[in-house]
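First up is the structure itself, then whatever we jot down about it.
The values are calculated or read from the model by the stated rules, or taken from the named source; none is laboratory data. Please read all numbers here as calculations on a predicted model, not as lab measurements. Cβ sites come from the backbone with ideal geometry, for glycine too, and all protein chains shown count toward neighbours. Only protein heavy atoms, including side chains, enter the accessible area calculation; ligands, DNA and RNA are left aside. Shrake-Rupley method; radii C 1.70, N 1.55, O 1.52, S 1.80 Å.
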Amino acid sequence: MRVDDTELLNDRSARPVRLTRMGFGAAPLGNLYRGVSDADAQDALNAAWEAGIRYFDTAPQYGLGRSEMRMAEALTRFGRDELTLSTKVGRLLEDCAPGEVTPEAFVDVPQKRIVFDYTHDGVMRSYEASVARLGTERFDILYVHDIDAGTHGAAESEAKLRQLFAGGGYAALDELRRNGSVGAIGAGVNTWPICERLLGEADFDGFLLAGRYTLLEQEPLESLLPLCVARDVGIVLGGPYNSGILATGAVEGARYDYAPAPPEILERVRRLEAVCAAHDTPLIAAALQFPLAHPAVKSVIPGAANAAEMAANVDVFETVVPDALWSDLRGEGLIRPDAPVPGEVSHAA
């Protein structure tokens with residue numbers, strides 16, 4: 001498998017959305033956890049382009065607009081019609097006093113604060129603001145961002161869902177899809193049950209699911225992934241390293257789900273590392289390739305903050321992983337027996 005192999009998000013969209021099997025997740029370009037220079041950001045994007053990557057994902061949240069603006073500069077070099085672009089709605093960025101800035105996990109951000117708004121007005125304002133930052137009126141995918149309970153808590157998530165459906169947010173997304181401004185609509189979330197909830201409410205084309213179908217977590221095999229196959233809904237897999245630990249291994253300070261990894265996760269990763277070492281295969285390569293074996297998963301989008309990180313992503317994506325490694329992971333109970341693995345014909349549905 002090569003990074004420039006392609007899949008359609010689904011076979012239903014009026015305007016087909018083609019994804020390279022590895023895309024570029026642009027959260028690091030918003031200075032996620034650490035500052036990234038403009039030069040390093042552009043070098044990372046150039047390296048992705050030269051490797052054959054043609055799917056790029058960004059969002060207003062990432063650096064409070066910084067990631068989108070850095071992506072805009074690259075669009076002038078690459079050509080808008082030559083790539084697939086996604087961004088997100090749900091967070092409005094407003095000017096504010098210095099003490100009101102909401103950087104979340106990003107550093108050195110503009111003087112903005114985030115206001116969540118999933119109503120018709122909020123979706124349209126978010127879309128228009130992204131148009132201004134990215135310099136394009138057309139997006140291939142527009143995701144509703146972080147509408148799940150993991151971000152808002154259960155009660156507030158219900159209120160946000162009311163904004164989306166009763167408040168007209170979904171109607172705005174559908175309007176943008178019908179008029180051709182957007183090729184496909186979906187949700188970018190960190191928990192998988194919300195995807196099933198959304199599919200029960202309306203017609204979504206795909207989901208960007210961060211960190212929930214990985215070597216460490218396969219619960220979506222229970223119902224979500226079979227549902228997506230049945231409904232022809234594509235999955236883009238973000239956070240394939242569970243926010244770090246599947247890339248670094250069980251080192252001191254390893255991060256899992258955006259926080260220091262707990263002991264039980266560290267121990268499970270040590271076991272994964274041992275199996276990978278027995279097959280002379282880096283853990284990171286197995287982690288990056290594993291999700292793509294499921295027929296619902298169309299692309300995986302690790303991030304990169306510079307050209308070297310981007311080159312490393314390409315190398316691990318194209319590393320040959322022996323079939324026996326997957327067999328041993330199953331035998332050790334480290335991946336579920338019903339999880340499709342690379343190189344095997346999947347009947348998942």
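For C96, what accessible surface area do you get with a 1.4 Å probe? Give it in Å², rounded to 10.
Ignoring ligands and nucleic acids, C96 comes out at about 20 Å².
Over region 77-232, what percent of the accessible surface lies on carbon and sulfur atoms, probe 1.4 Å?
Values: 2850 of 5920 Å².
It is 48 percent, rounded to a whole number.
Could you compute the FRET efficiency for M1 and E128, with r as their C-beta to C-beta distance and R0 at 30 Å, rounded to 0.05?
0.20
Between E100 and H152, what FRET efficiency follows from the Cβ-Cβ distance if R0 is 25 Å, with the result rounded to 0.05?
0.80
How far, in nm, would the chain grow between E344 and E137 when pulled straight, counting 0.36 nm per residue and subtracting the alpha carbon separation?
Once the chain is fully extended between E344 and E137, it gains 70.4 nm.
Order V314, V229, V17 by their accessible area, 1.4 angstrom probe, all chains in place, largest first. Spell out each step's value before the answer.
Numbers: V314 25, V229 50, V17 5 Å².
So the residues, ranked largest to smallest area, are V229, V314, V17.
For an R0 of 35 angstrom, estimate the FRET efficiency from the Cβ-Cβ distance between L8 and S327 and round to the nearest 0.05.
The value I calculate is 0.70.
Normalised by the number of residues in the chain, what is the relative contact order in percent for Cα pairs under 8 Å and 6+ residues apart?
19 percent
Separation between the E201 and Q111 pseudo-spin-labels, each 7 Å from Cα along Cα→Cβ, expressed in nm?
Once both label points are built, they end up 3.6 nm from each other.
For region 1-64, what does the accessible surface come to per residue with a 1.4 Å probe? Please give it in Å². Kindly include the intermediate steps, with their values, before the conclusion.
Numbers: 2390 Å² over 64 residues.
Heavy-atom SASA per residue in region 1-64 reads 37 Å².
What accessible area per residue, rounded to a whole number of Å², is obtained for region 271-336 using a probe radius of 1.4 Å?
With the other protein chains kept in place, region 271-336 gives 35 Å² per residue.
If you wrap region 99-189's Cα atoms in a convex hull and average its projection over all directions, what's the area in nm²?
6.5 nm²
Going by alpha carbons, how many degrees (0 to 90, nearest 10) lie between the helix axis of 38-51 and the longest principal axis of the chain?
Helix 38-51 sits roughly 60 degrees off the main axis of the chain.
Per residue, how large is the accessible surface of region 105-261? Use a 1.4 angstrom probe and give square angstrom. Write down the numbers at each step before the final one.
Working: 5730 Å² over 157 residues.
Dividing the accessible area of region 105-261 by its residue count gives 37 Å².
Among Y213, V109, G200, which residue has its Cα positioned farthest towards the positive end of the charge dipole of the chain, with +1 placed on the Cβ of Lys and Arg, -1 on the Cβ of Asp and Glu, and the dipole taken about the Cα centre?
It is G200.
In region 1-156, what % of DSSP beta bridges are antiparallel (nearest 5)? Mind dumping the intermediate values first?
On the way: 9 of 18 bridges.
In region 1-156, DSSP labels about 50 percent of beta bridges as antiparallel.
What full-extension length gain, to one decimal in nm, is calculated for E175 and Y33 as 0.36 nm per residue of separation minus the Cα-Cα distance?
Gain on extension, E175 to Y33, equals 47.5 nm.
Compute the helix-to-body angle for 263-278: its Cα long axis versus the longest principal axis of the chain, expressed 0 to 90° and rounded to tens.
In the chain, helix 263-278 runs at an angle near 60 degrees to the longest axis.
Can you give the angle from 0 to 90° between the axis of helix 66-78 and the longest principal axis of the chain, with both taken from C-alpha atoms, to the nearest 10?
80 degrees
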